[in-house]
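In what follows, a single structure is set out as structure tokens and then discussed.
The values are calculated or read from the model by the stated rules, or taken from the named source; none is laboratory data. Computed from a predicted structure; not experimentally measured. A quick note on method: Cβ atoms are made from the backbone with ideal geometry, for glycine too, and the neighbour counts reach across all protein chains shown.
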Amino acid sequence: MKKSTVILLSLLFTSCGVEFDNSTPSYMQFSSDDLSYLYFNKNTFQCSGNSVKYKDTLVYLLNDTSYIQVPVTTEIYPFDPSPLNLFNIRFISGKSSISFDTKTGVKYLNIKITKSSEEGIERIFEVGANGINNFVKQYLQKDTIALDTTFVLGKLYKDVYKFYPPVEGKTNIRFIYFAKKYGYIKIEKLDGTKIERIDNGK
């Protein structure tokens, strides 16, 4: 069935005078603004078919008393969206994952972006905390979400997303702040746990 569909579509494009070359794939590319959502050491990246991985260490202040170092891993990779991908266009995704010691009350912080067209990009923000369901915020670029500013440990951050879980949700997260170019800068739970990003120039 799939083979027949591909043949029919190919005949349709040919009869309409549309030519395409599916021998060499083309790749969606992240803009500098897209990359500002990931923990990455470059402002530009040209995807040519290979995946890349970047690792770093971030520093946070836990409950105003303890400095903690946490690993962050970022992967950027192309992928084929469909077996019926006639134009041989590869979409692109990137994901940054931060892993915490479970004693902090937070297990992980993730941000994933996926680009499937020049018009929009999907972003998923995810926080995993001990003993609760994951809090996930997902939206498309075309959606209107206001950016804000905030101070964290004396530093003014711009382009900040402020997420507040719904009251009826099964989560003890009070709020989550995410800033472009810096990532997750502050997480506070209802039990008083507070984790704040320390800007060390990265």
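Some values worked out for this structure:
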| item | result |
| --- | --- |
| Flag for PHE91 being modelled with pLDDT under 90, touching a strand residue (DSSP E or B) at 6+ places or on another chain (Cβ under 8 Å), among the aromatic types (Phe, Trp, Tyr) and assigned to a strand (DSSP E or B) | yes |
| Pair list, Cβ < 7 Å and 6+ apart or interchain, from segment 149-162 residues that are closer than 11 Å to TYR182 by Cα to residues that are loosely packed, with under 14 Cβ neighbours inside 10 Å and among the acidic types (Asp, Glu) | VAL160/ASP148 |
| Among the residues listed as ILE195, ILE187, the single one being in contact with a helix residue (DSSP H, G or I) (Cβ under 9 Å, 6 or more places away or on another chain), among the hydrophobic types (A, V, I, L, M, F, W, C) and modelled with pLDDT of 85 or more | ILE195 |
| Scan of segment 111-125 for residues that are acidic (Asp, Glu) and exposed (fewer than 14 other Cβ atoms within 10 Å of the Cβ), ordered by number | GLU118, GLU119 |
| Segment 94-134, residues that are among the polar types (S, T, N, Q) and either closer than 20 Å to ASN41 by Cβ or at pLDDT 85 or above (or both) | SER96, SER97, SER99, THR104, ASN110, THR114 |
| Selected residue [touching a Cys at 6+ places or on another chain (Cβ under 8 Å) and surrounded by fewer than 18 Cβ atoms within 10 Å (Cβ to Cβ)] from GLN69, GLN29 | GLN29 |
| Segment 171-196, residues that are in contact with a Leu (Cβ under 7 Å, 6 or more places away or on another chain) and in a strand (DSSP E or B) | ARG174, TYR184, ILE195, GLU196 |
